[in-house]
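The values are calculated or read from the model by the stated rules, or taken from the named source; none is laboratory data. All values derive from a computational prediction rather than experimental measurement. Backbone-built Cβ (ideal geometry, glycine too); neighbour counts: all protein chains shown.
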Amino acid sequence: MVHEHQVTVETYRNFGWVNGTVLPAPIGFLIALSFGPTLVALLTDFVFHDEKAVHLSLAIVMSGGSILGLVSYSWGLGAYRSAIWPVVAL
């Protein structure tokens, strides 16, 4: 007999994939490794027109990425809390 909030092996094994907590990390890494250096180079070449301004381009790209990460984290936090609540409430 399985209770409503009882964690089984299948629940534990599939929890990360079903709620989308395992798959987005490698996809995010690929996006960051693809677009991060490209954005730095584009800012350096076309906005600042100076190769010595790489530090400014890095600061802008890192600040934008940090803000985007914080916004996406807060956007998905409510859904994650509601999905994990039955597991935590044991």
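Observations on the model:
- Residue within segment 21-36 that is in a loop (DSSP other than H, G, I, E, B), surrounded by 13 or more Cβ atoms within 10 Å (Cβ to Cβ), touching a helix residue (DSSP H, G or I) at 6+ places or on another chain (Cβ under 6 Å) and modelled with pLDDT under 80 present: no
- Among residues of segment 61-85 that are outside any helix (DSSP H, G or I), none has a beta-carbon under 8 Å from a residue that is of a type in the set (A, V, I, L, M) and surrounded by 11 or more Cβ atoms within 10 Å (Cβ to Cβ) at least six positions away or on a different chain.
- Screening residue 44 on (1) at pLDDT 80 or above; (2) under 14 Å from the mean Cα position of the chain (by Cα) shows it passes everything except condition (2).
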